[in-house]
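Reading through the structure tokens given below for one structure.
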Amino acid sequence: MKRVAVIGAGMSRFGELWNMSFRDIVISAGLEALEDANLEGREIEAMYVGNMSAGRFIAQEHVSALIADYSGLASINIPAIRVEAGDASGGVALKEAYIAVASGIHDIVIAAGVEKVTDVGSSSEIMDSSIDKEWEAFNGATLAGLFAMMARLHMHEYGSSEEDLARISVKNHRNAVNNPKAQFRREITVESVLNSPYVAEPLKVLDSAPISDGAAVLILASEDVARKYTDTPVFLDAVVQSSDYLALQNRRDILEMRAVKTATRKALKLAGCSLDDVGVFELHDSFTVTEMLLYENVGIAERGRGHEAIRDGVVEIGGGKPVNPSGGLKACGHAVGATGIRQAVEIVYQLRGDAGKRQVDAEIGMAVNIGGTGATAVASVFRR
Amino acid sequence: MLPRFWRKIKYRYNLVGTKCENCGSIYYPPRNICPECRRKSRMVEVELGEKGRVVTYTVIHDVPESSKLMKPYVVGIVELDSGARVTAQIVEDPERVRIGSRVRAVFRKYGEEGEDGIIYYGTKFVLDE
Ligand SMILES: [Zn+2]
């Protein structure tokens, strides 16, 4: 296996990009990444694109070829592969790109993620297609509803509160103020979260990440090739994907995300470090409770004590385990298929020291991207 | 739009799941293969019973278009006394539902495809007091 490095990173703005098409969005991210890597384009050997639901969001399939074409790579006839795993599509695209380079099959590849959600379709109903349509959604569950059930159970068993969840949203909004690509660059208060309407009790509108347009791109290269382009590569030391039962009802322990536990522990092992060595995290916060459950399942907090991590400030930028300095899905925007790559781009910026006012001092960073209620999890570990 | 649901209609109308005769695990919805035993599994149909308790629940306010007439509604995960778990609506005043509430299954309408379209039925739960 070859060691894999990141030599370029880029992303579009996230949000309601009314004046940009699907192809405009992905090209803007791709060009930024090529510029960052100082590549002309023809060095690229393959492309992996995370995309959850272009067929329903923009009524376009075959987006792998479309993106290769509009990024000017069809003329060099490279393989372009679309990857789908719900809102973990970006994370899985990163894993596929990682394997392609680590295996020695390719030297330089693109890992991308893109979603355009504001053109057609009802975004929340499309998001519900990442849960079990026949046995959860048919019976009235929604993605938000299932996370709400987890939140209710956690509150019942461990005494967490709606205020605790609101604090997670407040933290991520505060962090996003310093992220120029974020959708919401404004602070909010615990009161405003608590006063926003319920989506599914106890989760409210401001506990929920917006479904956004956006794209993010990383360029990966084998270590020897990377040295030709940069003196300070960030290494991608592990990307591990795991699965779990699709329907929440089939997991014996509703608060245990076994895919997350498996992926994070294997990734740390492969990267040869422990959780204590990780200085910055980007964790999937499709809802505030998702982030809280990830504190516990990743291992930042003990089981049943996720809410203490936010109460005690451990997960703030100035805390011991900063989570989502970018603003997370909540404030950056959740451009579904792009999210896993967007998280990775943030970790790369952090480890290179390019994160500006949201900079954290860290040698090692971890990103965790999940699909649906956690039936897919992807954990990646980066080191500078 | 949802014709595939009719293949499993028997299981949707009656709480029938599958039991693995190799390890004793019970599953709902029914499965062809036991996730514990895989190729060694021997699945047989089993009645799951009507009664159980609420493991957790929520009140859905942001409802799918197809369910807007029911807004808001309660949906939860119910653990039947046989051990199987079901995600289903609980047709009660949200104020009366609690984690641990005893419930029993009833046959109810879930939705319909337009005014002249197919009507979907399935299992819901009511409080069993
Ligand atoms: Zn078995």
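The table for this structure:
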read-out: Ranked by how many other beta carbons lie within 10 Å on average, peptides A:29-36, B:65-72, A:204-211 from highest; value: A:204-211, A:29-36, B:65-72
read-out: Expected 222 nm ellipticity per residue - DSSP helices of 4 or more, -39500 (n - 2.57), all of chain A, to 500; value: -11000 deg cm²/dmol
read-out: Sequence of A:Arg82, B:Arg102 when ordered by accessible area, the most exposed leading, probe 1.4 angstrom; value: B:Arg102, A:Arg82
read-out: Three-way shape call for the range A:281-384 based on the alpha-carbon gyration tensor, with the a/c threshold at 1.5; value: oblate
read-out: Carbon + sulfur, % of accessible area of the protein assembly as shown - ligands and nucleic acids excluded, 1.4 Å; value: 47
read-out: Relative contact order for the range B:53-113, counting Cα pairs under 8 Å that sit 6 or more residues apart, in percent; value: 39
read-out: FRET efficiency, A:Glu35 to B:Ile118 (Cβ-Cβ, R0 56 Å, nearest 0.05); value: 0.55
read-out: Mean projection area, nm², convex hull over Cα of the protein assembly as shown; value: 23.5
read-out: The range A:158-246: C-alpha gyration tensor shape, a/c 1.5 cut-off, then a/b vs b/c; value: prolate
read-out: In chain A, lysine pairs closer than 20 Å at Cα, eight or more apart or cross-chain; value: 24
read-out: A:Asn19/A:Lys133 FRET efficiency (R0 35 Å; Cβ-Cβ; nearest 0.05); value: 0.55
read-out: Average Cα contact separation per residue, the range A:118-253, under 8 Å, 6 or more apart, as relative contact order %; value: 24
read-out: Other protein chain Cβ atoms within 10 Å, averaged over every residue that makes up A:250-258; value: 2
read-out: Gyration tensor (Cα) of the range A:83-201, equivalent ellipsoid semi-axes in angstrom; value: 31, 22, 16
read-out: Relative contact order (%) - chain A, alpha-carbon pairs under 8 angstrom, separation at least six; value: 26
read-out: Total charge dipole magnitude, the protein assembly as shown, about the Cα centre, Cβ charges on Lys, Arg, Asp, Glu only, Debye to nearest 20; value: 1160
read-out: A:Leu73 - accessible surface, heavy atoms, 1.4 Å probe, Å² rounded to 10; value: 10
read-out: Residue mean of other protein chain beta carbons inside 10 Å, A:127-140; value: 5
read-out: Disulfide-incompatible cysteines by the Cβ rule (no partner under 4.7 Å) in the protein assembly as shown; value: A:Cys273, A:Cys332, B:Cys23
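The values are calculated or read from the model by the stated rules, or taken from the named source; none is laboratory data. Model, not experiment: these values are computed from the prediction. Positions of Cβ are backbone-derived with ideal geometry, glycine not excepted, and every protein chain shown enters the neighbour counts. Keep in mind that these areas ignore ligands, DNA and RNA; they rest on the heavy atoms of the full protein, side chains included. Shrake-Rupley method; radii C 1.70, N 1.55, O 1.52, S 1.80 Å.
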